[in-house]
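Presented below is the structure to which this report refers.
The values are calculated or read from the model by the stated rules, or taken from the named source; none is laboratory data. On a predicted model such as this, the values are computed, not experimentally measured, just so you know. FYI the Cβ positions are ideal-geometry reconstructions off the backbone, even for glycines, and counts take in every protein chain you see. Side chains included, ligands, DNA and RNA excluded: accessible areas come from the protein's heavy atoms. Shrake-Rupley method; radii C 1.70, N 1.55, O 1.52, S 1.80 Å.
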Amino acid sequence: MMRHDGRQGSAMIDLFEDERHCLPLDPGAALLGGFASGIAPALVEAIDAMATIAPFRHLETPGGGRMSVAMTTCGELGWVSDRSGYRYARTDPLSGHTWPAMPLLLRDLAGRAAEAAGYPDFHPDACLINRYEPNARLSLHQDRDEATLAAPIVSVSLGVSATFLWGGHRRTDRPRRHRLHHGDVVVWGGPARMTFHGVDPVPADTHPLTGPYRLNLTFRCAGLRRA
Ligand code: SIN
Ligand code: FE2
């Protein structure tokens, strides 16, 4: 409907802004373009600080391979993998100490992104920190080691851009490919919570904040919280 009070113009701008910033991937899943751009330098700094306490490491897979992505964790629970399988652990197997606490900046970002995608009250207890060097990749998988599937996954991309694989509920479903840039956030939950996803080999490139690396933060509710 035409308006003559000048409001249609600004409403249109808002609409286009929203379309540019929020790309629905599937029911329950969205790509929030640039959602974390403003605080990205502080996120990278926080990651560097945490990695001095709990260093990045290439985990061993249950099959005896070595992951090309280097990982560490902050929060109460850290995702680990070795010959005996995948699981969440309260302490870092390298040091025997608890993982670095999840900084408020990260916790707050995760909550705001989840809310923007339709999941209010997201309180993650685990933040997996992935570091991709050139050619590192993550093959199609489901995030299925969490004690509850009721909460979404919130995934923040930093540094070198990469191609995200967004599949279906079966491993054989042909994935769609979406470019993920510095500051982009992907949220998936509800009917999309068990969607297969992955990352294509990261190209050799450099980013002013992260050098040759792509960094990724993945926030999860991994354990059942005490009431
Ligand atoms: C993951 O699936 O845990 C990470 C996804 C990503 O690096 O974008
Ligand atoms: Fe994942």
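Out of contact with any Asp or Glu (no Cβ under 8 Å at 6 or more places or on another chain), farther than 24 Å from Ser37 by Cβ and among the hydroxyl-bearing types (Ser, Thr, Tyr): which single residue out of Thr172, Thr195, Thr210 fits that description? Let's see the steps before the verdict.
Numbers: Thr195 fails: out of contact with any Asp or Glu (no Cβ under 8 Å at 6 or more places or on another chain); Thr210 fails: farther than 24 Å from Ser37 by Cβ.
Testing whether each residue is out of contact with any Asp or Glu (no Cβ under 8 Å at 6 or more places or on another chain), farther than 24 Å from Ser37 by Cβ and among the hydroxyl-bearing types (Ser, Thr, Tyr) leaves just Thr172.
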*Taking the range 173-212, which residues are over 19 Å from Pro24 (Cα atoms) and open to solvent by 70 Å² or more (accessible area, probe 1.4 Å)?*
Ala204, Asp205, Thr206, Pro208, Leu209
*Based on what the data block shows, is Ser157 open to solvent by 20 Å² or more (accessible area, probe 1.4 Å), under 28 Å from His181 (Cβ atoms) and within 16 Å of ligand 1 (Cβ to nearest atom)?*
no
*asked:* Return the pair list, or none, for Cβ contacts closer than 9 Å from residues in the range 206-222 that are over 24 Å from Asp121 (Cβ atoms) to residues that are part of a strand (DSSP E or B) and open to solvent by 20 Å² or more (accessible area, probe 1.4 Å), at least 6 apart or on different chains.
replied: Thr210/Arg131; Tyr213/Arg131; Tyr213/His207; Arg214/Arg131; Arg214/His207; Leu215/Arg131
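Take the conditions of a type outside the set (S, T, N, Q), at negative phi and away from ligand 2 (no atom under 16 Å from the Cβ) and apply them to Pro152. Does it pass?
no
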_Subset of the range 15-36 (residues that are over 18 Å from Thr163 (Cα atoms), open to solvent by less than 90 Å² (accessible area, probe 1.4 Å) and at pLDDT below 95)_ = Leu15, Glu17
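For every residue, the table says whether it meets (1) open to solvent by less than 10 Å² (accessible area, probe 1.4 Å); (2) hydrophobic (A, V, I, L, M, F, W, C); (3) in a strand (DSSP E or B); (4) closer than 29 Å to Asp205 by Cα.
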{"residue": "Ala101", "(1), (2), (3), (4)": "no, yes, no, no"}
{"residue": "Gly118", "(1), (2), (3), (4)": "no, no, no, no"}
{"residue": "Pro124", "(1), (2), (3), (4)": "yes, no, no, no"}
{"residue": "Cys127", "(1), (2), (3), (4)": "yes, yes, yes, yes"}
*Within the range 103-116, work out how many residues are open to solvent by 50 Å² or more (accessible area, probe 1.4 Å) and among the small types (Gly, Ala, Ser).*
1
*Selection within the range 76-99 - open to solvent by less than 80 Å² (accessible area, probe 1.4 Å), closer than 15 Å to Phe56 by Cα and touching a residue at least 24 places away in the same chain (Cβ under 8 Å)*: Gly78, Trp79, Asp92, Ser95, Trp99
